[in-house]
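All remarks here apply to the structure that follows.
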Amino acid sequence: MMKTLSYILLSVLLTSFGCKKKNLETNSSIEFALNKSQMVNSANVTVTNINDNRCPPNADCITAGKAEAQLSVKVNGETKDLTLCIGGDCNKVGLSDQQTFSVASVNYTVKLVEVNPYNTFEKAVVPKTVKLQVTKM
């Protein structure tokens, strides 16, 4: 009887720790594929476009280039469209790697951490992904 109870308790514990949260509550970077939504800190985040024209490593480029990610962030039925940018040319076009906005008196900050893979001379078709940090303040 005690052995059976131990197995049941162990099964319940393993099952509860193995569950995945649908709404991520984190300040760490989360990877997003194009047009795939994820819930982060009560916000539904979708990357709607990725444009990457950064200069490849060891290349002679006129400018450093930039990588832009266009996002749709939906909170409580309200949608905010954002454009975030990383790379040497972002300041030239007035873009930043992060934006803060408010919905229902709650502030959110979304930061573009990475756009991968980084451009190379090879023209391999590899889908781009972005890493974002979404913070509920």
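Side notes on the structure shown:
- Selection of region 114-126 for residues being surrounded by fewer than 18 Cβ atoms within 10 Å (Cβ to Cβ) and modelled with pLDDT of 90 or more yields E114, N116, P117.
- With respect to being surrounded by 12 or more Cβ atoms within 10 Å (Cβ to Cβ), more than 20 Å from K128 (Cα to Cα) and either in contact with a Pro (Cβ under 6 Å, 6 or more places away or on another chain) or not β-branched (V, I, T) (or both), K66 falls outside the description.
The values are calculated or read from the model by the stated rules, or taken from the named source; none is laboratory data. Bear in mind that the values here come from a model prediction, so they are computed numbers and not experimental data. A quick note on method: Cβ atoms are made from the backbone with ideal geometry, for glycine too, and the neighbour counts reach across all protein chains shown.
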